[in-house]
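Please read through the structure below; I'll follow up with questions.
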Amino acid sequence: MTLSSKMKFGVFMAPFHRVGENPTLALERDLELLQWLDVLGFDEAYIGEHHSAGWETIASPEVFMATAAERTRHIRLGSGVISLPYHHPYMVANRMVLLDHLTRGRVILGVGPGALASDALMLGIDPARQREMMDESLGIILRLFTETEPLTYKSDWFELNEAVLQLRPYQEPHVPVAVASVQSPAGVSLAGKHGAAVLSMSIPRDTVRQTSLKELWSIAEESAAEHGKTVRREDWGLVVGMHLAESKKEAYEDIRLGGGRLVTEYFGQTLGNEIPDVPADQIVDYMVEHNQWIVGTPDDCIAGIERLQEISGGFGSFMIRVEDWAPFEKIKHSYELLARYVMPRFQGTLKGIEVSNRWAAERSEDLQRNRISGLKTATDAYYAGRP
């Protein structure tokens, strides 16, 4: 079930780079990938913020987004996410409005509480408070975006004294906001409270019961109604691992080693999360079977998106979680296959072409007769006029 004739497609770039490789070159690959996605017509790219654990190495989404903006023309760039408890909300608002102007309205403010416990520990933040801090911060940021009267506000972790943004947002009414939701209902509840878009991460990070996608969206709608806001399924993005190739066998083999390393070495050994109880070389099979990754051909991807539409009740944006799990050329080719053969199926761009092709095929015999008759008439006329 599709909600509109034009589903959005994008990526969520944490990024994930295995420990042991050149970090400078890894970041350059990330930027090169965004340039390629811009050429392919992707709609959005969200850039993460992390400070520890060695795999996710972008500390400032805003700096990375500014660099990417100079290398791209069309793709919208979002923070994926700015961890609000790590920052003074006035500074977050100011930096995003500056980016909004520099990009002429190509930015999205994606927010979250902070994903890595190691980040919170280093910053001296109580993990139990991260979500309430995020809620408080987002409320202030939205007020700064929308109000022009000086704002005074005192919290137990930040303070504003007659604060106002010098630059007003370039986009109207303000920079779009999206809230990341992993497993707990906190993210979708907060999105509903503030009328923000939702980014649902499909990969679990812990052993807490995973609420179903349909339940999560119901929570977002209930929260929005309670606070006099609205949320739209068209603004709901599902983030999924994906890799495509010419055949299903090739796609699986492309990422069998890299996918196994990602799950076992990072999510398991480094972060201490529960991981699938299967050998590392069977991780890809497990993740596909449990709707966490889509791996195969473009047709497999089309079927996978349709399956997720059914499971969720409908969403508007398909977001690929960027993985550094195969040779770079194969990764780029995977996105090219999606752009060429999958995106058109969900964006309505093939309708006229298919109608025209069918129309011509149905009339091919008559058209051929007319063509041959026209050639014969022209030929006869030519020779009839010769001496």
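The values are calculated or read from the model by the stated rules, or taken from the named source; none is laboratory data. Note that this is a predicted model, so its numbers are computed, not measured. FYI the Cβ positions are ideal-geometry reconstructions off the backbone, even for glycines, and counts take in every protein chain you see.
Output the residues belonging to segment 309-333 that are out of contact with any helix residue (DSSP H, G or I) (no Cβ under 8 Å at 6 or more places or on another chain) and closer than 24 Å to Leu199 by Cβ.
Across segment 309-333, the qualifying residues are Gln309, Glu310, Met319, Arg321.
Looking only at segment 129-143, which residues are under 26 Å from the mean Cα position of the chain (by Cα) and either hydrophobic (A, V, I, L, M, F, W, C) or over 13 Å from Val177 (Cβ atoms) (or both)?
Once the filter is applied, which keeps residues that are under 26 Å from the mean Cα position of the chain (by Cα) and either hydrophobic (A, V, I, L, M, F, W, C) or over 13 Å from Val177 (Cβ atoms) (or both), segment 129-143 yields Gln130, Arg131, Glu132, Met133, Met134, Glu136, Leu138, Ile140, Ile141, Leu142.
Go through Asp299, Asp285 for me and flag whichever is more than 22 Å from the chain's Cα centre (by Cα), in a helix (DSSP H, G or I) and surrounded by fewer than 21 Cβ atoms within 10 Å (Cβ to Cβ).
Asp285
Moving on. Considering segment 341-387 alone, what residues qualify as being among the aromatic types (Phe, Trp, Tyr) and at pLDDT below 95? Outline the logic, then answer.
First, the residues of segment 341-387 that are among the aromatic types (Phe, Trp, Tyr): 341, 346, 359, 382-383.
Within segment 341-387, Tyr382, Tyr383 meet the criteria.
State which residue is surrounded by the most Cβ atoms within 10 Å (Cβ to Cβ) when the search covers only segment 87-104 and only residues that are charged (D, E, K, R) and part of a helix (DSSP H, G or I).
Asp100
State which residue is nearest to Pro15 (Cα to Cα) when the search covers only segment 109-135 and only residues that are in contact (Cβ under 8 Å) with a residue 24 or more places away in the chain and among the acidic types (Asp, Glu).
Asp119
Given Leu84, Leu77, which one is buried (at least 17 other Cβ atoms within 10 Å of the Cβ), within 18 Å of Gly187 (Cβ to Cβ) and touching a residue at least 24 places away in the same chain (Cβ under 8 Å)? I'd like the intermediate steps shown before the answer.
Values: Leu77 fails: within 18 Å of Gly187 (Cβ to Cβ).
Residue meeting the stated conditions: Leu84.
Test Val278 against the stated conditions and say whether it is over 20 Å from Glu336 (Cα atoms) and not in a loop (DSSP other than H, G, I, E, B). Talk me through it step by step, then tell me what you get.
On the way: over 20 Å from Glu336 (Cα atoms): yes; not in a loop (DSSP other than H, G, I, E, B): no.
So Val278 fails the test.
While we're on this one: Checking the conditions here, which among Asn370, Asn291 is at positive phi and surrounded by fewer than 19 Cβ atoms within 10 Å (Cβ to Cβ)?
Numbers: Asn370 fails: at positive phi.
Of the residues listed, the single one that is at positive phi and surrounded by fewer than 19 Cβ atoms within 10 Å (Cβ to Cβ) is Asn291.
Checking Ser356 against (1) exposed (fewer than 12 other Cβ atoms within 10 Å of the Cβ); (2) outside any helix (DSSP H, G or I); (3) among the hydroxyl-bearing types (Ser, Thr, Tyr), which test does it fail?
(2) is the only condition that Ser356 fails.
So how many residues does segment 314-341 have that are in a helix (DSSP H, G or I) and in contact (Cβ under 8 Å) with a residue 60 or more places away in the chain?
Filtering segment 314-341 down to residues in a helix (DSSP H, G or I) leaves 328-341.
Pick out the ones that are also in contact (Cβ under 8 Å) with a residue 60 or more places away in the chain and you get 328, 330-339.
Number of matching residues: 11.
Now for a different question. Would you point out the residue of segment 268-282, among those that are crowded, with 16+ Cβ neighbours inside 10 Å and touching a residue at least 40 places away in the same chain (Cβ under 8 Å), that is nearest to Arg307 (Cα to Cα)?
The qualifying residue nearest to Arg307 (Cα to Cα) is Leu271.
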